[in-house]
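Q: Please find one structure pasted underneath; my questions will follow.
The values are calculated or read from the model by the stated rules, or taken from the named source; none is laboratory data. Note that the structure is a prediction, hence the values are computed from the model and not measured. All Cβ positions, glycine included, derive from the backbone under ideal geometry; neighbour counts span all protein chains shown.
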Amino acid sequence: METNSSHLAGEYFVAAELYRRGYSVGMTIGNAKAIDLFANTNNKTISVQVKAIKNRKSVGWPIMKDKVLPGIIYIFVNLNDQDTPDYYIATSAETKRRVNQYETRGIININKLAGEQFLNRWDKLDLVSKSLKKAR
């Protein structure tokens, strides 16, 4: 798999997982977008940003701290060289705290998302959905 294809593959894998979990999913088109997917269930729409890497040999996911927006779920995908992907799911606050920001780039190291707090935490979509309901 070409490195350029990793992000798009990650979006499709996440969309498939969301569909499997009962969400309707809309994908956005284009580069450098703040939201990759809209996931809707029970008349509640959640904004999702997907970051994907090819394998564990990668240092992590590139992301700038100032581009982490509130109210968005961030799903970090490790494609595992075309094996079964791993999904690390974080709220915007959790994501922002884990970004190593440098002068011209930012990154979330894969080790900062390892563990039960993030791995396959699809329940975090429900938490964001509930907080959206309170805000309205």
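Q: Working carefully through the options Val25, Val14, find the one that is part of a helix (DSSP H, G or I), modelled with pLDDT of 95 or more and in contact with a Phe, Trp or Tyr (Cβ under 8 Å, 6 or more places away or on another chain).
A: Matching residue, one of Val25, Val14: Val14.
Conditions (1) more than 10 Å from the chain's Cα centre (by Cα); (2) β-branched (Val, Ile, Thr); (3) loosely packed, with under 13 Cβ neighbours inside 10 Å; (4) within 18 Å of Val14 (Cα to Cα), marked per residue:
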| residue | (1), (2), (3), (4) |
| --- | --- |
| Val50 | no, yes, no, yes |
| Met64 | yes, no, no, no |
| Val68 | yes, yes, no, no |
| Ile72 | no, yes, no, yes |
| Asp81 | yes, no, yes, yes |
| Ile89 | no, yes, no, yes |
| Asn100 | yes, no, no, no |
| Thr104 | yes, yes, yes, no |
| Asn109 | yes, no, no, no |
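Q: Kindly list the number of the only condition in (1) without any contact (Cβ under 8 Å) to a residue 24 or more places away in the chain; (2) closer than 22 Å to Ile110 by Cα; (3) over 16 Å from the mean Cα position of the chain (by Cα) that fails for Asn43.
A: Failing condition for Asn43: (2).
Q: Within the bounds of the stretch 97-116, is there any residue that is assigned to a loop (DSSP other than H, G, I, E, B), farther than 23 Å from Ala39 by Cβ, polar (S, T, N, Q) and out of contact with any helix residue (DSSP H, G or I) (no Cβ under 6 Å at 6 or more places or on another chain)?
A: Yes, the stretch 97-116 contains a residue that is assigned to a loop (DSSP other than H, G, I, E, B), farther than 23 Å from Ala39 by Cβ, polar (S, T, N, Q) and out of contact with any helix residue (DSSP H, G or I) (no Cβ under 6 Å at 6 or more places or on another chain).
Q: Within the set of pairs 6 or more residues apart or between chains, which connect a residue that is more than 17 Å from Phe76 (Cβ to Cβ) inside the stretch 9-33 to a residue that is assigned to a helix (DSSP H, G or I) with Cβ atoms less than 7 Å apart?
A: Pairs found: Val25/Ala15; Val25/Leu18; Val25/Tyr19; Met27/Glu11; Met27/Ala15.
Q: For Arg121, only one of the following conditions fails: (1) under 15 Å from Gly10 (Cβ atoms); (2) within 12 Å of the chain's Cα centre (by Cα). What is its number?
A: In the conditions (1) under 15 Å from Gly10 (Cβ atoms); (2) within 12 Å of the chain's Cα centre (by Cα), Arg121 misses (1) alone.
Q: Is it the case, given these coordinates, that Val25 is of a type in the set (Val, Ile, Thr) and under 21 Å from Arg105 (Cα atoms)?
A: no
Q: Residues that are over 17 Å from Gly106 (Cα atoms) and of a type outside the set (Gly, Ala, Ser): find the strands (runs of 3 or more DSSP E) completely inside the stretch 47-90 holding 2 or more of those. Can you show your working first?
A: Values: elements: 60-62, 72-78, 86-90.
Per the criteria, 72-78, 86-90.
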